[in-house]
Amino acid sequence: MIDWPTLDGLIQNLAFLVAGVTAIVFTYPAGHRQDTPGALALRYVLTVTLGIYLTFKGIVFPGDLRFDFRSVVVAIVARRYGAGPALLVALPIAGFRLGLGSGVGAWLGILQMTVVALVGATGTGWWRLHAPFMDEPVTWRWWRPFALFAAANVTLFPAFGTTWTEALPAYLLSVILSAVGLFVAFEIKHNRLQNLAHTSHLTQLATVDSLTGALNRRQFDLDLSTLDPAQPAFVLMLDLDHFKRINDSYGHAVGDRVLVALADLIRESTRASDCLYRLGGEEFAVLLHEGTLDDAQEVADRVRRAVEHDLAARVGLHGERITCSGGLAPVVGDRHRAVQVADRHLYRAKQAGRNRVHG
């Protein structure tokens, strides 16, 4: 029978686990961004600190069985990052546990953490620092902790040195408590990652063109207004020539394929620092960051040549010749005036015979 002080200690240990995991998951990056080395280091320190604190606040059940939720911390790391990071977390926690007493129970507890790190990483592998969010059924998230600790907590039996019938109640109690603790911690982590993924999805819907994957007009206006005036920038307006004829001759499905291929060609022909936007229909814009006017003109002409030579073939229209026209303007002073200037240059390029960039 568990007395009130023991139950109170167990509740406190679980509360510390919940508070610690909650603090740790708030260090996860939003959306699909990868962790920085600094964020990973901070998360490691917080995780080890939580494991040590849980060990320090451990409780002793009747029969001298010491219990805490430090293995839950190791299991969380193993599931998300792999066996290697989990063992790195377990190492300093094990050292602290030995400092509290290096009897047989301490060594068996360290063995149990090792088993949790290795078995808990099943399906994750040895090392995975940048882990994508994977939504899992709640039934799977519930039964996995029981299976994990049913295997790992077998290490408790040698601590009793008596019959299995005397050790079994302690084993079952530790499995149930550890599994419940891991399920609660998993849910905290899962809900945080799910919320981040949902927020990222909403942000993408608000800022990304669903057909081409280019940024949309809303994001173009925002990025244009927040350009650093101290850094050189140019706006390149692009428009497909005679795109209506493509839609009328081959249908809108083929027209959509042309727009997707056009966006891909523009990305391939511009630099990593440049940003692509679809403003509407067959009209695109590129914000060219860094470099001189000559550099911007070179990028613009590279885009034009790529469209002329490759676009029709990419969508299977080998008998067609698809071209684009463009207008280029530096972003100085009134930033929206730069768009107007680029638009005028685009119009002049159309008037001059198309398949050219003015500016």
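Values for this structure:
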| quantity | calculated |
| --- | --- |
| Selection within the range 317-359 - part of a loop (DSSP other than H, G, I, E, B), under 19 Å from Leu262 (Cα atoms) and in contact (Cβ under 8 Å) with a residue 40 or more places away in the chain | Leu317, Glu320, Ile322, Thr323, Arg354, Asn355, Arg356 |
| Breaking point among (1) among the acidic types (Asp, Glu); (2) surrounded by 16 or more Cβ atoms within 10 Å (Cβ to Cβ); (3) assigned to a helix (DSSP H, G or I), for Asp221 | (2) |
| Options Leu227, Leu238; residue that is hydrophobic (A, V, I, L, M, F, W, C) and surrounded by fewer than 19 Cβ atoms within 10 Å (Cβ to Cβ) | Leu227 |
| Within the range 192-201, tally of residues that are open to solvent by 70 Å² or more (accessible area, probe 1.4 Å) and either closer than 15 Å to Thr27 by Cβ or in contact with a strand residue (DSSP E or B) (Cβ under 6 Å, 6 or more places away or on another chain) (or both) | 1 |
| Some residue of the range 244-258 being open to solvent by 60 Å² or more (accessible area, probe 1.4 Å), modelled with pLDDT under 90, among the charged types (D, E, K, R) and not in a helix (DSSP H, G or I) | no |
| Candidates Leu279, Leu288 - the one that is in contact (Cβ under 8 Å) with a residue 60 or more places away in the chain, out of contact with any Pro (no Cβ under 7 Å at 6 or more places or on another chain) and closer than 17 Å to Leu346 by Cβ | Leu279 |
| Residue in the range 291-303 that is over 13 Å from Phe234 (Cα atoms), in contact with a Lys or Arg (Cβ under 8 Å, 6 or more places away or on another chain) and in a helix (DSSP H, G or I) present | no |
| Residues of the range 75-118 classified as open to solvent by less than 40 Å² (accessible area, probe 1.4 Å) and among the polar types (S, T, N, Q), total | 1 |
| Candidates Ser269, Ser273, Ser325, filtered to the one that is open to solvent by less than 50 Å² (accessible area, probe 1.4 Å) and modelled with pLDDT under 90 | Ser273 |
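The values are calculated or read from the model by the stated rules, or taken from the named source; none is laboratory data. The structure displayed is predicted, hence computed values, not measured ones. Ideal geometry is used to build each Cβ from the backbone, glycine not excepted, and the neighbour counts take in all protein chains shown. These area figures cover heavy atoms from the full protein model, side chains too; ligands, DNA and RNA do not enter into them. Shrake-Rupley method; radii C 1.70, N 1.55, O 1.52, S 1.80 Å.
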